[in-house]
Amino acid sequence: MMLDSIDPWVHAAFDPLHLSGVGAYWRVISASLLGHIVLLRLLPLASKLLFPNAYGRLSTTDKHAWCVSLTTLVHSIYDSFFILAFINHPVLNDNKMDGFNQNFEYYLAVAMGYYMWDLSTCIINFADYGY
């Protein structure tokens with residue numbers, strides 16, 4: 001597969017920084033980042049259909065803020081359900097420092113993709129919102 005040829009480059013970039021998890025989960029992180037970008041692009045269409053009056057009255061800047069807020073809300077709901085499932089996980093509770101669970105690692109990779117999206121959104125929109 002073509003993506004397999006990228007693996008050595010990703011590991012070479014992140015492993016020396018002791019960030020081997022990035023190298024191991026870069027596909028999940030990338031898919032999460034792309035998913036949040038797509039969600040942000042689809043929300044204006046969904047908002048027009050679901051909330052035609054409220055969304056239609058907003059200014060262009062407020063429409064973008066609405067979509068950013070909804071993207072964050074969707075991720076927060078995902079976070080809440082996933083964390084609740086792992087809050088009392090025996091392996092993670094028994095060894096809080098080095099406990100390992102593959103599903104929790106995937107959750108962290110998805111969260112990292114979200115935070116990459118969030119950081120880029122904050123940087124791009126710094127002048128609009130001041131954050």
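The values are calculated or read from the model by the stated rules, or taken from the named source; none is laboratory data. Please read these numbers as outputs of a predicted model, since none were measured by experiment. All Cβ positions, glycine included, derive from the backbone under ideal geometry; neighbour counts span all protein chains shown. These area figures cover heavy atoms from the full protein model, side chains too; ligands, DNA and RNA do not enter into them. Shrake-Rupley method; radii C 1.70, N 1.55, O 1.52, S 1.80 Å.
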State the number of residues belonging to region 91-131 that are farther than 30 Å from Asp62 by Cα and aromatic (Phe, Trp, Tyr). 4
Test each condition in (1) modelled with pLDDT of 85 or more; (2) in a helix (DSSP H, G or I) for Gly23 and report the one that comes out false. (1)
Of the residues that sit in region 118-131 and are touching a residue at least 24 places away in the same chain (Cβ under 8 Å) and open to solvent by less than 50 Å² (accessible area, probe 1.4 Å), which one is farthest from the chain's Cα centre (by Cα)? Asn125
Mind listing just one residue for me: the one in region 76-127 that is within 18 Å of Ile37 (Cβ to Cβ) and of a type in the set (S, T, N, Q) and, of those, modelled with the highest pLDDT? Ser76
Within region 37-75, count every residue that is loosely packed, with under 15 Cβ neighbours inside 10 Å, among the small types (Gly, Ala, Ser) and more than 19 Å from Thr121 (Cα to Cα). 3
For region 76-117, give me each residue that is within 29 Å of Ala54 (Cβ to Cβ) and surrounded by fewer than 16 Cβ atoms within 10 Å (Cβ to Cβ). Ser76, Ile77, Tyr78, Asp79, Ser80, Phe81, Tyr115
Return yes or no: is Ala13 under 25 Å from Asn125 (Cβ atoms) and either assigned to a helix (DSSP H, G or I) or of a type in the set (S, T, N, Q) (or both)? no
